[in-house]
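Asks: Below: one structure in structure tokens.
Bear in mind that the values in this text are calculations on the coordinates, not laboratory data. Values in this document were obtained by computation on a predicted structure and should not be read as measured data. Here Cβ is always computed from backbone atoms with ideal geometry, including for glycine, and neighbour counts include all displayed protein chains.
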Amino acid sequence: MNGVKITPEIIREMKANRQGVPALTVYDYPMARLLDEAGVPILLVGDSVGMVVLGYPDTTHVTLAEMEHHTRAAARAKPKALLAADLPFGTYSTVADAVANAKRLQAAGAEAVKAEGGRDILPQVRAIIAAGIPYLGHLGMLPQHVLEEGKYRIKGKKDEEHAALLADAKALDEAGAFAIVLELVTPPVAAEISRAISIPTIGIGSGPDCDGQILVTHDLVGAFPWFTPRFIKPRLETAAQSREAVRQWADEVGRHPTSKP
Ligand code: KIV
């Protein structure tokens, strides 16, 4: 992107110009700086921070204070990329909460916010956008609903799910979202949604025919080896190589005690 500051408008234009939109998660300053140097146009302070950094079993435990803390750290990298942040579980149940909490993330350095849902949270989405905060949608498998649903399940196989996803995506587009994450949506439905709306779809586990792709960075670089989603092929073995480097170093130190009797 040649050092240009990325705006929501540029992300929309990428679809019009048939340019794929890569996006990755970031949780701190060095990650944001590195990924920005690599030219990734959207960096998301995802609530996946709860699992891959904070050790929670799912995203429902992540607090707004934690999201603000990680957003501030990522924002200190002053990325050219558009820096978005997740509104965590329970922070956008009402219109007033959604706007107040989106403003807190914005004050922490987020240039856009994301929340999970479609027509069910449309008043909140409209109010966030009316408050001047760019909005990134999230449809399909919604991790913040995992406790209700009992597991992470692919969406769009049933006719009613297919129709609901399409209607939700159109509603978010009309409300003024600048892009929509489609998580674990069946690839034909993700492709259909991508053709049906004007803004980019950014897929995760939703097949190759979305307008862009997003991954949890730890999955891409093999930094969280205890769980890897089925659709990911890590491109590095960060965890295994780090463990080995540390083991070698610790062995060397162990063979050379500093004080001898
Ligand atoms: O929290 C997150 O990392 C996300 C991505 C999986 C899209 O929402």
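Asks: Sort all Cα-Cα distances of the stretch 35-83 into consecutive 5 angstrom bins from zero, then give the percent of pairs in each bin up to the one containing the longest distance.
Replies: Per 5 Å bin, starting at 0, the Cα pair percentages come out as 5, 22, 27, 20, 16, 9, 1.
Asks: Would you mind telling me which residue in THR25, THR201, THR60 has the biggest mean-square fluctuation in a Gaussian network model of the chain, where springs connect alpha carbons within a distance under 10 angstrom?
Replies: For the chain, modelled as a Gaussian network with Cα springs under 10 Å, the answer is THR60.
Asks: I want to make sure I understand the PRE zone here: with the label point 7 angstrom from the Cα of ALA196 toward its beta carbon, which residues in the stretch 150-178 have backbone N atoms less than 14 Å away?
Replies: Correct set: 156-174.
Asks: Right, another one. Working out 0.36 nm times the residue gap between ALA245 and LYS157, then minus their Cα-Cα distance, what length gain in nm do you get to one decimal?
Replies: Full extension from ALA245 to LYS157 adds 27.2 nm.
Asks: Would you work out the relative contact order for the chain, in percent, from Cα pairs under 8 angstrom that are 6 or more residues apart?
Replies: Relative CO of the chain lands at 16 percent.
Asks: Which ordering of ASP86, ASP159, ASP36, ASP120 is given by a fewest-first count of other beta-carbon atoms within 10 Å?
Replies: ASP159, ASP120, ASP36, ASP86
Asks: While we're looking at this one, here's another question. Can you give me the orientation-averaged projected area of the convex hull built on the Cα atoms of the stretch 1-93, in nm²?
Replies: 6.5 nm²
Asks: If one computes P(r) from the Cα atoms of the chain, what percent of pairs lie at distances over 23 Å?
Replies: Details: 17424 of 33930 pairs.
That tail contains 51 percent of the Cα-Cα pairs.
Asks: Using a 7 Å offset from the Cα along the Cα-to-Cβ direction at both THR7 and THR94, what is the distance between the two label points in nm, to one decimal?
Replies: 3.5 nm
Asks: Mind listing which trypsin sites (Lys or Arg not before Pro) in the stretch 38-99 are in a DSSP loop and have 14 or fewer other Cβ atoms within 10 Å?
Replies: When the trypsin sites (Lys or Arg not before Pro) of the stretch 38-99 are filtered for loop state and at most 14 Cβ neighbours within 10 Å, ARG76 remain.
Asks: May I pose another question? Amide H to amide H, which residues 5 or more places from VAL181 or on other chains are under 5 Å from it, using H placed in the peptide plane?
Replies: Result for VAL181 returns GLY137, HIS138, LEU139, ILE202.
Asks: Hey, another quick one. Which of THR228, THR238 has the fewest other C-beta atoms within 10 Å, and how do the rest follow up to the most? Please list the in-between numbers first.
Replies: On the way: THR228 14, THR238 17.
Neighbour counts put them in this order, fewest first: THR228, THR238.
Asks: With N denoting the number of residues in the stretch 195-261, provide Rg(C-alpha) divided by 2.2 N^0.38 Å, to two decimal places. Display every interim value, and only then the final one.
Replies: Working: Rg = 20.5 Å, N = 67, 2.2 N^0.38 = 10.9 Å.
This ratio for the stretch 195-261 stands at 1.89.
Asks: Take the Cα atoms of the stretch 58-175, build their convex hull, and give its volume per residue in Å³.
Replies: Values: hull volume 13.0 nm³, N = 118.
Per-residue hull volume (Cα only) is 110 Å³.
Asks: Moving on. What does a probe at LEU236 reach in the stretch 23-46, counting residues whose amide N is under 13 Å from the point 7 Å along Cα→Cβ?
Replies: In the stretch 23-46, the label zone of LEU236 (backbone N under 13 Å from the point 7 Å along Cα→Cβ) covers 30-38.
Asks: Do any trypsin sites (Lys or Arg not before Pro) in the stretch 163-261 lie in a loop, going by DSSP, with at most 12 other beta-carbon atoms within 10 Å of their beta carbon, and if so which?
Replies: On the way: sites: LYS170, ARG195, ARG230, ARG235, ARG243, ARG247, ARG255; in loops: ARG230, ARG235.
When the trypsin sites (Lys or Arg not before Pro) of the stretch 163-261 are filtered for loop state and at most 12 Cβ neighbours within 10 Å, ARG230, ARG235 remain.
Asks: Calculate the translational D of the stretch 107-176 in whole µm² s⁻¹ from Stokes-Einstein, where the hydrodynamic radius comes from the Kirkwood formula applied to all Cα pairs, the temperature is 10 °C and the viscosity 1.306 mPa s.
Replies: The calculation lands on 121 µm²/s.
Asks: If you plug each phi of the stretch 76-92 into the Karplus form 6.51 cos²θ - 1.76 cosθ + 1.60 with θ = phi - 60°, what whole-Hz ³J(HN,Hα) values come out, in order, with x for Gly and Pro?
Replies: Once rounded to whole Hz, the list reads 5, 6, 6, x, 6, 4, 6, 9, 9, 9, 7, 6, x, 3, x, 9, 9.
Asks: Given the C-alpha centroids of the stretch 1-64 and the stretch 158-201, what is the distance between them in whole angstrom?
Replies: 20 Å
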